[in-house]
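Below is one structure, written out as structure tokens; comments come after it.
The values are calculated or read from the model by the stated rules, or taken from the named source; none is laboratory data. As the structure is a computational prediction, the values presented were derived from the model and not from experiment. Counting neighbours? That spans all protein chains shown, and the Cβs are built from the backbone with ideal geometry, glycine included.
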Amino acid sequence: MAAPLPVARDTADPSFADLLAARPALSLHAHDGLLLEEVPLARIAREVGTPTWVYSAGTLRRRYRALRAALDGAGLEATIHYAAKANDSQAVLRVLRAEGAGADVVSGGELRATMAAGIPAAATVFSGVGKAPEEIRLALAEGIFQLNAESVEEVAMISAIAAGMGVRAPVALRVNPDVDAGTHAKITTGKAENKFGIAYEDAHALYAHMAALPGIRPIGIATHIGSQITAGMAAYHAAYARLAEMVRGLRAAGLPVERVDCGGGLGIPYRDEVAPAPEALAGTIKATLGGLGLPVMLEPGRWIAGPAGVLLASIVLQKQGRGRRFLVADAAMNDLLRPSLYEAWHGILPLSPARHAAPLAPADIVGPVCESGDTFARDRAMPDLPPGEFIAFLDAGAYGAVMSSTYNARPLAAEVMVDGTRFAVVRPRQTHQDLLAQQRLPEWLAP
Ligand SMILES: Cc1ncc(COP(=O)(O)O)c(C=O)c1O
Ligand SMILES: N[C@@H](CCCC[NH3+])C(=O)O
């Protein structure tokens, strides 16, 4: 494979070769083009159409096992509760279930999805700042492993519901440690100004209060300081050190603490970020919470699922504007929202090997939706890509399909799972008829 030609770039983006080298499940084949595991992505694009999400079972397994090995290697007694919000596809959940994953859910819908995939409620933690009474009831009826409560009001609600059901709810208190995880403002959660968790200063008193309530069995404390954390371990260290101090205080007051939930948030390199390895996280947990002799929990989402997915798209047309070249794809912000919502950077690779060796020039890669924000990348070094050419958006396995909408009456894209040499459509593309069929009209709006 010839290296892409050097071009004057407005940014120091990684080259196609760099992007490929950092993603072990992807490779470029001289004849078949870009492969995910052993399946040519162009074959999927041709047979299933575009836009289509494609997930790699092998990557999900490899990453789950790497995390498991890091925790075991640090000598931690730890359970992994995959954050289903990152990707709640039944296919993804089943691959992870087969690896032994528990779940972290934030809604009744996610709880039903993880249970349908075979992850028992008894291995599931239910987080979230506004669990509805029927969601709390569902979780308790199914025998949830842990409810993470976030406020005095919620604690009262859970206690009343549980007492009414004649049970004691296993509740961990989500503490807001007021640390800055250095992530995008829209996805940081552990600062005092964020809506999440109970203020550190108030947590001890609330925990003591929980122990006195009829419907609550206090089982521990939890935190989650943000998502896509790449700025090293300092924020994690500060947060977990505060949790450890709190556990000591609770124990000194004679209150029972069974476990500590360390949350998720471990970042991945989308562009050229240096993301901490799971060993670093395991080491930080060991250094801060290890001395307590308690089991710990982890709620990773992105780290497991992000690198396991790509979004396939076709070029609709190349449009030469005044001084700007636009590559208009058939995927849009309704499919992959992250660039529009967080100015997130995703690698974009042509599937054709010839395009990897072609001259590059800056282009804006956009979708067809009627919003200027429907822009995936600006001034990206891209080859000439005529209509019908396929591209892949990288690292789209987490917070991709789950954040899709049908804005502009665009049906939800198909989902495909690849495993070695085989692949299967695990969610067919929605049709225009599907969109219409979901609507109901009263008689007085009949034609
Ligand atoms: C409580 C909780 N746990 C886990 C996660 C998963 O985060 P991530 O995908 O960054 O690992 C989130 C999302 O930020 C969360 O809010
Ligand atoms: N959806 C966000 C992350 C939010 C994490 C959930 N609390 C993203 O795409 O990066």
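So which residues in the stretch 309-357 are in contact (Cβ under 8 Å) with a residue 40 or more places away in the chain and among the small types (G, A, S), if there are any at all? Hits for the stretch 309-357 are G309, A313, S314, A329, A331, A332, A344, G347, S352, A357. In the stretch 174-195, is there at least one residue being more than 16 Å from ligand 2 (Cβ to nearest atom), crowded, with 22+ Cβ neighbours inside 10 Å and in a strand (DSSP E or B)? Yes, some residue in the stretch 174-195 is more than 16 Å from ligand 2 (Cβ to nearest atom), crowded, with 22+ Cβ neighbours inside 10 Å and in a strand (DSSP E or B).
Condition check ((1) within 25 Å of S404 (Cα to Cα); (2) touching an Asp or Glu at 6+ places or on another chain (Cβ under 8 Å)) across all residues:
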position	(1), (2)
L67	no, no
L71	no, no
A83	yes, yes
V92	yes, no
A98	no, no
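A residue that is away from ligand 1 (no atom under 16 Å from the Cβ) and buried (at least 24 other Cβ atoms within 10 Å of the Cβ) can be found somewhere in the stretch 147-155.
The residue of the stretch 237-246 that is farthest from ligand 2 (Cβ to nearest atom), among those that are of a type outside the set (K, R) and surrounded by fewer than 22 Cβ atoms within 10 Å (Cβ to Cβ), is E245.
Here P276 fulfils each of the conditions (1) in a helix (DSSP H, G or I); (2) under 26 Å from the mean Cα position of the chain (by Cα) apart from (1).
I need the full set of residues from the stretch 73-89 which are farther than 14 Å from L111 by Cβ and within 15 Å of the chain's Cα centre (by Cα), in order please. I80, A86, N87, S89 - these are the residues of the stretch 73-89 that are farther than 14 Å from L111 by Cβ and within 15 Å of the chain's Cα centre (by Cα). Picking from residues in the stretch 72-99 that are among the charged types (D, E, K, R) and away from ligand 2 (no atom under 16 Å from the Cβ), the one that is farthest from G283 (Cα to Cα) is R94. Residue check: L311 meets all listed conditions (1) of a type in the set (A, V, I, L, M, F, W, C); (2) away from ligand 1 (no atom under 16 Å from the Cβ); (3) assigned by TED's automatic domain parsing to the domain that holds P133 but one, namely (3). Counting just the residues of the stretch 396-447 that are out of contact with any Pro (no Cβ under 9 Å at 6 or more places or on another chain), surrounded by 13 or more Cβ atoms within 10 Å (Cβ to Cβ) and of a type in the set (D, E, K, R), which one comes out farthest from P368 (Cα to Cα)? If we take residues in the stretch 396-447 being out of contact with any Pro (no Cβ under 9 Å at 6 or more places or on another chain), surrounded by 13 or more Cβ atoms within 10 Å (Cβ to Cβ) and of a type in the set (D, E, K, R), then D419 is farthest from P368 (Cα to Cα).
Among strands (runs of 3 or more DSSP E) entirely within the stretch 32-140, having at least 1 residues that are in the same structural domain as F423 (by TED's automatic domain parsing) and in contact with a strand residue (DSSP E or B) (Cβ under 6 Å, 6 or more places away or on another chain) singles out 33-36, 52-56. For the subset of the stretch 100-141 comprising residues that are surrounded by fewer than 20 Cβ atoms within 10 Å (Cβ to Cβ) and farther than 29 Å from N194 by Cβ, which member is farthest from ligand 2 (Cβ to nearest atom)? Here the residue is A141. For A282, the stated conditions hold: it is within 16 Å of ligand 1 (Cβ to nearest atom), crowded, with 19+ Cβ neighbours inside 10 Å and not hydroxyl-bearing (S, T, Y).
For the residues A234, A275, A208, the requirement of being away from ligand 2 (no atom under 16 Å from the Cβ), farther than 26 Å from I161 by Cβ and either exposed (fewer than 15 other Cβ atoms within 10 Å of the Cβ) or assigned by TED's automatic domain parsing to the domain that holds T79 (or both) singles out A234. All told, G166 falls short of being in contact (Cβ under 8 Å) with a residue 12 or more places away in the chain and surrounded by fewer than 22 Cβ atoms within 10 Å (Cβ to Cβ). The set of residues in the stretch 211-231 being more than 16 Å from ligand 2 (Cβ to nearest atom) and either without any contact (Cβ under 8 Å) to a residue 60 or more places away in the chain or not assigned by TED's automatic domain parsing to the domain that holds E273 (or both) consists of A211, A212, L213, P214, G215, R217, P218, I221. Against the test of being buried (at least 17 other Cβ atoms within 10 Å of the Cβ), within 16 Å of ligand 1 (Cβ to nearest atom) and at pLDDT 95 or above, the options L35, L67 yield a single qualifying residue, L67.
Consider the stretch 288-328 and keep the residues that are of a type in the set (K, R) and more than 21 Å from E415 (Cβ to Cβ). The one that is modelled with the lowest pLDDT is R322. Out of the stretch 21-31, which residues are without any contact (Cβ under 8 Å) to a residue 60 or more places away in the chain, under 23 Å from the mean Cα position of the chain (by Cα) and not in a loop (DSSP other than H, G, I, E, B)? If the condition is that a residue be without any contact (Cβ under 8 Å) to a residue 60 or more places away in the chain, under 23 Å from the mean Cα position of the chain (by Cα) and not in a loop (DSSP other than H, G, I, E, B), then A21 is the only one that fits.
Inside the stretch 77-94, residues that are basic (K, R) and within 10 Å of ligand 1 (Cβ to nearest atom) make up a count of 1.
Only residues that are in contact with a Lys or Arg (Cβ under 8 Å, 6 or more places away or on another chain) and either polar (S, T, N, Q) or within 16 Å of ligand 2 (Cβ to nearest atom) (or both) were counted in the stretch 306-320, giving 3.
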